[in-house]
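Novice: One structure follows; several queries about it will come next.
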Amino acid sequence: MADGDTQVPKLAYPTATPCIKPGAMEGLQPFLASPEHNKALGFPGELVPDWKERALAKMEELAGKNRAFQVYLDICVKCGACTDKCHYFLGTADPKNMPVARQDLLRSVYRRYFTFAGKYFPWLVGARDLTEDVLMEWYSYYHQCSECRRCSVFCPYGIDTAEITMAARDILDAVGIGMKYSNEIIGKVHTVGNNLGLNPKALRATLEDLEEDIEDDTGVSVRIPIDEKGADILLVTPSADFFAEPHIDGLIGYAKVFHQTGVSWTLSSYASEAANFGLFIGNYENMRLVSQRIRKAALDLGVKRIIFGECGHAWRVAYSFLNTLAGPWDFLDPNYPVPQHILEFTWNEIQQGNLTLDKTRNDHMTVTFHDSCNVARGSRMGDMPGGQFEIPRNVIKAVCNNFVDMEQDTIHESTLCCGGGGGLLTDDLMDLRIKGAAPRMTALQQSTEQHGVTHMAAICAICKTQFSKVMPKYGYDMDSIVSVHQLVSNAIILDGQKTEDDAAE
Amino acid sequence: MLSTIYALLFYMATALLVVGVAAKIRKYAVTPAPLKIPTTPAPTTQSGVVLRMAREVIFFESLFKSNKWIWLFGWTFHMALWLVIIRHLRYTIPGNTPWLLDFLQPFGKYAGFAMVLGLLGLWARRFLVDRVRYISNPSDHLILALIVAIGLSGLMMKFVAHTDVVAVKVFMSGLWTFRIGTLPSDLVILVHLALVITLMIIFPISKLLHAPGLFFSPSRNQVDNPREQRHIAPWAAELEK
């Protein structure tokens with residue numbers, strides 16, 4: 001890919017705060033969705049003539065349906081605590097990428113039409129009329145937010161810009177301004193069952209190829225079953241796991257773990273997608289429809305458990321919302337949480353001693369771990385708060401000898417977004433993606449300088465794709481990003497596996 | 001005449017404050033939270049949430065994580081404000097006040113300075129820090145000016161130009177039983193009280209709503225138990241029919 005005009009930001013340290021540069025990212029817009037893509041999701045095809053009335057009506061509707069939206073619009077005091085917390089602000093210096101300023105793009109309109117002060121003294125409280133320019137400004141800056149929730153950690157009231165961004169995108173969709181990347185993908189899930197539009201036949205062929213690869217590699221026949229009725233476990237994983245690197249190595253890892261522990265499992269072609277972009281566009285109905293596919297697949301296949309593969313926002317939707325959107329799960333085995341994360345499963349098996357692991361097979365790497373934003377700040381693993389930080393690290397340490405964490409204020413709940421989350425993983429936003437990755441990349445560079453870190457592991461399909469694209473800009477090979485289950489796959493010794501091939505590595 | 005105007009203003013401001021805040025609280029309470037969105041790691045029990053909220057309200061935990069300067073100024077201001085309010089109870093409650101309030105009373109005197117200093121620190125940031133300057137509206141400055149002026153006029157009466165505080169007490173405590181006494185007519189107390197009335201009136205229509213609003217923030221007040229307990233909003237349950 002050509003470098004284009006993107007200047008890779010140089011940060012003194014990961015969270016170094018720039019001086020504001022008003023207008024730095026003005027006018028940046030992802031491609032608009034075509035009318036048929038919008039209509040497929042139940043939205044108007046293009047900007048409706050009465051957009052102003054409809055936008056305000058939608059805003060009022062959302063404020064009545066979502067407490068977070070209503071409260072967060074009212075209670076911000078502009079203290080400034082969030083202003084230096086967004087990776088897009090750190091990477092672009094555009095002040096409208098400061099969380100509070102991003103919220104104010106919408107709050108200023110809310111005030112104008114729905115508050116006493118804004119109706120009668122707009123100049124006093126920064127209230128403004130809703131115009132077409134304002135709509136397009138929303139479209140621009142609400143697509144420079146990855147809904148990563150880092151700001152909500154640091155806000156004294158927990159104001160979550162993601163909630164405002166989602167509402168703004170929902171309002172935009174309601175008046176016919178849809179985003180191509182997200183809306184096209186959601187349409188594919190509704191019709192085909194996954195983001196890529198892979199039909200069952202193609203999917204089956206891909207999985208068969210993978211089975212052959214594993215057998216060539218290990219000498220062991222490891223199955224990747226699909227649509228097998230009566231299996232115990234339904235695995236729902238991001239469709240990127242079926243074809244993209246390094247995702248696919250993660251899928252091989254899950255398959256090996258399932259194989260070695262002897263459980264019966266299956267994928268579903270109907271619910272062949274863990275990702276749920278309905279979250280990104282902030283539309284409950286679409287998010288619910290996507291989730292319902294998983295319920296139907298679980299019922300049709302008669303499984304007892306549901307396990308999710310490595311995907312960040314998918315795990316947030318799965319862990320935090322699936323019970324709401326597609327539950328209750330009373331037809332599944334009550335001895336297991338619904339759903340489970342593949343890392344919860346693998347860590348449990350490791351603890352029970354059910355896997356033979358040779359850590360030295362990962363000795364050529366020094367690994368660090370990138371906490372994915374949605375997993376870190378919007379979900380949990382295991383029984384204890386913070387399990388989402390511990391369990392992935394425990395698994396990595398069980399399969400790798402060399403593990404180092406990045407700087408404290410860039411991991412765990414303070415983790416920095418990869419720069420491509422929230423529906424921004426599209427080439428038309430590449431400039432933003434490269435700049436938004438700067439804080440994370442700077443933290444990684446530091447750990448490379450100080451501890452010789454060579455690889456970064458992640459548990460999110462979007463993070464993996466984003467990093468494999470932007471890491472080369474920051475001086476790393478694109479395969480420096482690895483799946484956690486890729487590390488597991490490397491270390492695991494299957495029963496009957498030939499090992500002589502590996503001696504040379 | 002002046003005393004009557006002030007008395008009526010106090011009644012009006014109190015009514016607006018109580019009705020306005022109650023209406024907002026009601027709105028926050030009846031609006032459903034359709035999804036589980038606690039900022040994680042979050043407590044897995046209700047008592048854990050009470051503790052989390054207590055740490056936010058008493059120590060400003062998240063703000064402390066975020067920015068030590070804002071925390072220092074903001075926390076100082078709010079805690080001093082509590083002491084100042086406690087001090088003022090003696091001037092507004094009829095009769096003798098309980099011993100605990102009497103014990104805390106003198107602290108309020110010095111808290112007045114801390115309060116103003118904290119506010120000035122926050123205000124300085126609105127001029128000095130480019131990011132905070134960018135997000136500040138006129139109302140953000142005016143609210144600070146208002147509370148600083150309340151603080152300064154209060155300190156004036158304590159340390160520079162005393163007012164007849166006994167008469168003030170008779171006036172204020174009389175309002176509870178609808179007896180309108182006579183306010184001292186020196187300028188400082190009149191300004192002080194007028195500003196307080198203004199603050200009461202703007203409370204329910206301004207960002208001061210952060211005080212009750214914090215308790216309704218789903219990212220802070222929700223229990224992290226979505227797998228164990230199904231959470232569904234009434235309007236979302238309708239979609240299942």
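Novice: If you place +1 on the Cβ of every Lys and Arg and -1 on the Cβ of every Asp and Glu, how big does the dipole about the Cα centre of region A:65-215 come out, in debye to the nearest 20? Write down the numbers at each step before the final one.
Specialist: Details: 18 positive and 20 negative charges, 210 e Å.
With only Lys, Arg, Asp and Glu charged at Cβ, the dipole is about 1000 debye.
Novice: Here are some pairs, A:K201/B:K241; B:K27/B:K207; A:K188/B:K241; A:K52/A:K78; which of them have Cα atoms lying more than 24 Å apart in this structure?
Specialist: Numbers: A:K201/B:K241 34 Å; B:K27/B:K207 16 Å; A:K188/B:K241 26 Å; A:K52/A:K78 27 Å.
Among A:K201/B:K241; B:K27/B:K207; A:K188/B:K241; A:K52/A:K78, the Cα-Cα distance tops 24 Å for A:K201/B:K241; A:K188/B:K241; A:K52/A:K78.
Novice: On to the next question. In region B:46-218, if the dipole is taken from +1 on Lys/Arg beta carbons and -1 on Asp/Glu beta carbons about the Cα centre, which of B:L117, B:V132, B:N67 is farthest to the positive end?
Specialist: B:N67
Novice: Above 21 Å lies some portion of the pair distances; for region A:124-196, what is it as a whole percent of all C-alpha pairs?
Specialist: Values: 1120 of 2628 pairs.
Within region A:124-196, distances greater than 21 Å cover 43 percent of Cα pairs.
Novice: Of all the stretches in chain B, which is the longest one without any exposed loop site, taking chymotrypsin sites (Phe, Trp or Tyr not before Pro) in a DSSP loop (any state but H, G, I, E, B) with at most 11 other Cβ atoms within 10 Å? The partial results should precede the final answer.
Specialist: Numbers: sites that count: B:W176, B:F178.
Longest run free of exposed loop sites: B:1-175.
Novice: If I model region B:46-218 as equal point scatterers sitting on the Cα atoms and use the Debye formula, what is log10 I(q)/I(0) at q = 0.15, 0.18 Å⁻¹?
Specialist: -1.00, -1.32
Novice: Would you be so kind as to identify which of A:G312, A:C460, A:N286 lies farthest towards the positive end of the dipole of the protein assembly as shown, taking Lys and Arg as +1 and Asp and Glu as -1 on Cβ and the Cα centre as origin?
Specialist: A:N286
Novice: Here's something else I'd like to know. Counting partner chain Cβ atoms within 10 Å of every residue's Cβ in B:125-136, what's the average? List each step's numbers first, then the result.
Specialist: Values: counts 2, 3, 0, 0, 5, 7, 13, 7, 3, 11, 14, 3.
Taking the mean over all residues of the peptide, I get 6.
Novice: Non-local amide H neighbours of A:L267 (under 5 Å, H modeled in plane, Pro and chain starts lacking H): which ones?
Specialist: Counting only residues 5 or more places away or on other chains, the set is A:I226, A:D227, A:E228, A:L235.
Novice: Separate question: Quote the relative contact order of region B:110-226 in percent (integer), defining contacts as alpha-carbon pairs under 8 Å separated by 6+ residues. Intermediate results must be reported in sequence, preceding the final value.
Specialist: Numbers: 63 pairs, mean separation 24.8, N = 117.
With pairs under 8 Å counted, the relative contact order is 21 percent.
Novice: Count, for each residue of A:116-123, the Cβ atoms from other chains sitting within 10 Å of its Cβ, then give me the mean as a whole number. Each step should come with its number before you reach the end.
Specialist: Details: counts 5, 5, 1, 0, 1, 2, 0, 3.
Taking all residues of A:116-123 together, the mean is 2.
Novice: Another one. Over the protein assembly as shown, how many percent of alpha carbon pairs lie in each 20 Å bin up to the one with the longest distance?
Specialist: Reading the bins upward from 0: 16, 46, 27, 9, 1, 0.
Novice: Sorted by mean Cβ packing within 10 Å, highest first, what order do the peptides B:139-148, A:457-466, A:7-16 take? Present the calculation step by step, with values, prior to reporting the outcome.
Specialist: Numbers: B:139-148: 17.8, A:457-466: 28.2, A:7-16: 14.5.
Packing order, densest peptide first, comes out as A:457-466, B:139-148, A:7-16.
Novice: By average Cβ neighbour count within 10 Å, what is the ranking of A:299-305, A:163-169, A:90-96 from highest down? Let's see the in-between values first.
Specialist: Details: A:299-305: 17.4, A:163-169: 26.9, A:90-96: 23.6.
The most tightly packed comes first, giving A:163-169, A:90-96, A:299-305.
Novice: Also, quick follow-up: Give me the inter-chain shielding for B:202-208: mean count of other chain Cβ atoms within 10 Å, whole number please. Walk me through the numbers before you get to the answer.
Specialist: Details: counts 2, 0, 1, 7, 6, 8, 2.
Mean shielding count: 4.
Novice: Still on this structure, please answer the following. Return the calculated 222 nm mean residue ellipticity for the protein assembly as shown, to the nearest 500 deg cm²/dmol, obtained by summing -39500 (n - 2.57) across DSSP H runs with n ≥ 4 and dividing by the residue count. List each step's numbers first, then the result.
Specialist: Working: 35 runs with 400 residues, N = 746.
One gets -16500 deg cm²/dmol as the mean residue ellipticity at 222 nm.
Novice: So, in Å, what gap is there between the alpha-carbon centers of region B:167-184 and region A:468-494?
Specialist: 75 Å
Novice: What do you get when you divide the Cα radius of gyration of region A:35-185 by 2.2 N^0.38 Å, with N the number of residues?
Specialist: Working: Rg = 15.1 Å, N = 151, 2.2 N^0.38 = 14.8 Å.
Dividing the Cα Rg of region A:35-185 by 2.2 N^0.38 Å gives 1.02.
Novice: How large, in Å, is region A:397-505 by the Kirkwood hydrodynamic radius built from its alpha-carbon pairs?
Specialist: Numbers: mean 1/r = 0.0655 Å⁻¹.
Final number for the Kirkwood radius of region A:397-505 is 15.3 Å.
Where a number appears in this text, it was derived from the coordinates with a stated rule and is not lab data. Not measured: the values here are computed from a predicted model. FYI the Cβ positions are ideal-geometry reconstructions off the backbone, even for glycines, and counts take in every protein chain you see.
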